[in-house]
1. Under a 5 Å amide H to amide H cut-off, with H placed in plane at 1.01 Å, what residues pair with Ala40 once short-range neighbours are removed?
2. Scattering from the C-alpha atoms of segment 3-75 alone, worked out with Debye: what is log10 I(q)/I(0) at q = 0.13, 0.15, 0.26 1/Å?
3. When the helix-only estimate is applied to the chain (DSSP H runs of n ≥ 4, each -39,500 (n - 2.57), divided by the residue count), what is the mean residue ellipticity at 222 nm, nearest 500 deg cm²/dmol?
4. Please list, ordered by chain and number, the residues whose modelled amide H lies under 5 Å from the amide H of His12; skip anything fewer than 5 residues away on the same chain.
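Values in this text are rule-based calculations from the coordinates and carry no lab data. Fair warning: this is a prediction, and the values are worked out from it, not measured in the lab.
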Amino acid sequence: MDVEDVLVVIAHPSGDVEVPLTDWIATGPGPRRLVRPVRARARSTGRRLPLSVIPLRYRNDGESRRAIAEGRLEEPWPDTADGAAPGA
């Protein structure tokens, strides 16, 4: 699956938002460390996709955060580990 063709819905307390997977990979959750993708779809067809199209380290769910904490995966957004926005 081409990540350029994947859109993800990010669950956010103020309302869900759909963004390209490439944007999510680049920026992550920012200061809201627990927001995460909850749905995915193909931009080209609109077809719903399994969350497994998102590489595990970028899912920001319990499984990925546990793998990062255990050192099995590298932290994808090291700038946000302390709550700072990426690039801050």
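1. Here the answer is Val9, Leu49, since their amide H atoms fall under 5 Å of that of Ala40.
2. The Debye formula, applied to the Cα set alone, gives -0.35, -0.47, -1.24.
3. -4500 deg cm²/dmol
4. Val17
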